[in-house]
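Read the structure below first, then the notes.
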Amino acid sequence: MTDVVFIGPSLPIDEVRRSLPDAVVLPPVAHGDLLRLDVVPGDRVLVIDGFFLQHPPVRHREILDLLDHGVAVAGAASMGALRAAELWPFGMRGVGEVFQLYRDGVVTGDDEVAVVHGPAEEGHRTLSEPLVNIRVQLRRAVAAGVLSDAEAALLLDTARELPFRRRSYRALERTAPPEVAAVVDRFVTWHRRNPWDAKSADARLLLSMAADDAPELSPAHGGDQPIDNLHTRFLDSWRSRFAGESIGGHWVSDREAAAVLMLLHPEEPAWHRREVLAGLAGVDIADPTAEERAYEVARGRGLTTVLPTGHDWLTDSERGLDDREAVLRVLVRAFGTTPHRSLALWMVAAPLRTPALLAAARQVAATAAALNETLPRKTGHRRPGGRLHFRTAVVDACFAALWGCDTDGLEAAAWDRGFVDLMAFRYAAEPLVAYVKAFGAPRLPEVAQHAPEETLAGSAARVG
């Protein structure tokens, strides 16, 4: 069993390693991070800290996807407590006081657990005080007889008025109205003698329970609500964008690998055509009669009389094709292009989705990424991806030459590889232009004569 812990300002990493020495310890979770994990049923993902503003936050469907695959997901303290409170009916486990406050509706704002913190190099050192910590301390002060309920409510309102970036006990002292200054002083003096960090305490509790293999952290069971309508085009798009492998220091996503195979493998159009027509005919892709049977299906539905001429799926140069070939091309383009602009591996013809071809495609994508890093950058942009991009005319000319067509026929050539339109083609092709200009077409492995049984569709044991 593998434990994965997402931690940031709530606890030092050393404390995590002392409790779970074999755990994979990662920075605060952000959108896409869960989809990159190499975890299997029975593994545990412990979410403590997560990004709110610097990066898009982790999405609910990413967590539900792990739960759906039998991975235990538990949260506490910060983002983990927030997401657990939202998803506990579906099997995400939550522990600690912060989780309970969210689950019971006492706390509803994300800002209550938000803090300003330093960079990872400084251990995500906390630079502000989360409101939930102040809230819990006010409760403790009431229990200790230091404050009345009314005084605690007044101080909580005062702290809530502070922007989360400026919240601290010192700021509470500086900004409190004169009429409550004595109450604030009494509370802060008591706090300094009796410090308490609710988020850190909850994080330690989660780690302790994990170290003890507490049954409360077990994966989803029969008492949880079923996870319905999980797999949408959004989740597919996220998985294609974030799932992948690191090649030579470059993270190559499934989307980038799919782009290489769809754009640069010389056999993609032929296999794509066979796959689409075989699907329409209801036969195996290796069936030599697939094209004829697809044509018979079209004729049986009366399509052979309306498709060959005057159709937008055909270029001007294709108007002279014989009726049979014209019908087949229209069928491939009409039924073989996806409306999704974000590529995914399932869009690649199945015979090309083998481990060997995928590995070769990832290497090409990594080389292309490294080459793109040498291109001129936009003025004032220093972040990754801030380079200048090739003009549309350059992208079109590059791939028209590669595919052996003129630019007027480029959209049809893109359709024959599964792209819905020129915009989708250009979005996928632009990152590969520098590679093609420098090296030409890559030498990708040939597809076996008979489509191999071991394709990516059959390797779904890994999550993400």
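The values are calculated or read from the model by the stated rules, or taken from the named source; none is laboratory data. As the structure is a prediction and not an experimental result, all values here were calculated from the model. Glycine gets a Cβ as well: all are built from the backbone with ideal geometry, and neighbour counts include every protein chain shown. When the accessible area is computed, the model is the full protein with side chains, heavy atoms only, and any ligands, DNA or RNA have been set aside. Shrake-Rupley method; radii C 1.70, N 1.55, O 1.52, S 1.80 Å.
Every residue, every condition in (1) on the phi > 0 side of the Ramachandran plot; (2) modelled with pLDDT under 90, yes or no:
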site: T232; (1), (2): no, yes
site: D236; (1), (2): no, yes
site: S240; (1), (2): no, yes
site: G249; (1), (2): yes, yes
site: D254; (1), (2): no, no
site: M262; (1), (2): no, no
site: A270; (1), (2): no, no
site: R273; (1), (2): no, no
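Quick one: how many residues across the range 197-219 are open to solvent by 40 Å² or more (accessible area, probe 1.4 Å) and without any contact (Cβ under 8 Å) to a residue 40 or more places away in the chain?
Matching residues across the range 197-219 total 3.
In the list R239, R273, which residue meets the criterion of being within 20 Å of P41 (Cα to Cα), in contact with a helix residue (DSSP H, G or I) (Cβ under 6 Å, 6 or more places away or on another chain) and buried (at least 22 other Cβ atoms within 10 Å of the Cβ)?
Result: R239 is the single residue among R239, R273 that is within 20 Å of P41 (Cα to Cα), in contact with a helix residue (DSSP H, G or I) (Cβ under 6 Å, 6 or more places away or on another chain) and buried (at least 22 other Cβ atoms within 10 Å of the Cβ).
Go through A401, A393, A438, A448 for me and flag whichever is of a type in the set (A, V, I, L, M, F, W, C), part of a loop (DSSP other than H, G, I, E, B) and either at pLDDT below 95 or surrounded by fewer than 20 Cβ atoms within 10 Å (Cβ to Cβ) (or both).
After ruling out the rest, the residue left standing is A448.
Would you please name the residue that is nearest to R125 (Cα to Cα), looking only at residues in the range 138-182 that are of a type in the set (S, T, N, Q) and surrounded by 13 or more Cβ atoms within 10 Å (Cβ to Cβ)?
So, considering only residues that are of a type in the set (S, T, N, Q) and surrounded by 13 or more Cβ atoms within 10 Å (Cβ to Cβ), the one nearest to R125 (Cα to Cα) is S168.
Just to be sure, is D228 of a type outside the set (S, T, Y) and open to solvent by 80 Å² or more (accessible area, probe 1.4 Å)?
Spelling it out, D228 is indeed of a type outside the set (S, T, Y) and open to solvent by 80 Å² or more (accessible area, probe 1.4 Å).
How about the range 205-230: which of its residues are touching a helix residue (DSSP H, G or I) at 6+ places or on another chain (Cβ under 7 Å), part of a loop (DSSP other than H, G, I, E, B) and over 12 Å from M92 (Cβ atoms)?
L230
Among the residues of the range 13-48, what is the count of those that are within 19 Å of V98 (Cα to Cα) and not β-branched (V, I, T)?
2
Just checking, which of A220, A211 is among the small types (G, A, S), modelled with pLDDT under 85 and more than 26 Å from Q137 (Cα to Cα)?
Result: A220 is the single residue among A220, A211 that is among the small types (G, A, S), modelled with pLDDT under 85 and more than 26 Å from Q137 (Cα to Cα).
Looking only at the range 330-362, filter to residues that are touching a residue at least 60 places away in the same chain (Cβ under 8 Å) and touching a Leu at 6+ places or on another chain (Cβ under 6 Å); which one of those is farthest from A448 (Cα to Cα)?
The residue in question is L345.
Contact list please: Cβ distance under 9 Å, first residue in the range 136-159 and more than 17 Å from A198 (Cβ to Cβ) and at pLDDT 95 or above, second residue in a loop (DSSP other than H, G, I, E, B) and open to solvent by less than 40 Å² (accessible area, probe 1.4 Å), pairs at least six apart or on different chains.
Final answer for the pair search is none.
Is the range 415-430 home to any residue that is at pLDDT below 95 and over 16 Å from L263 (Cβ atoms)?
Checking the range 415-430: not a single residue is at pLDDT below 95 and over 16 Å from L263 (Cβ atoms).
Going through the range 126-159 one residue at a time, which ones are within 36 Å of the chain's Cα centre (by Cα) and hydrophobic (A, V, I, L, M, F, W, C)?
L127, L131, V132, I134, V136, A159
At least 1 residues that are surrounded by fewer than 18 Cβ atoms within 10 Å (Cβ to Cβ) in each: list the strands (runs of 3 or more DSSP E) lying fully within the range 1-109 that qualify.
Of the strands (runs of 3 or more DSSP E) lying wholly inside the range 1-109, those with at least 1 residues that are surrounded by fewer than 18 Cβ atoms within 10 Å (Cβ to Cβ) span 24-26.
Looking at the range 295-311, can you tell me whether even one residue there is farther than 23 Å from A414 by Cα and either of a type in the set (F, W, Y) or in contact with an Asp or Glu (Cβ under 8 Å, 6 or more places away or on another chain) (or both)?
yes
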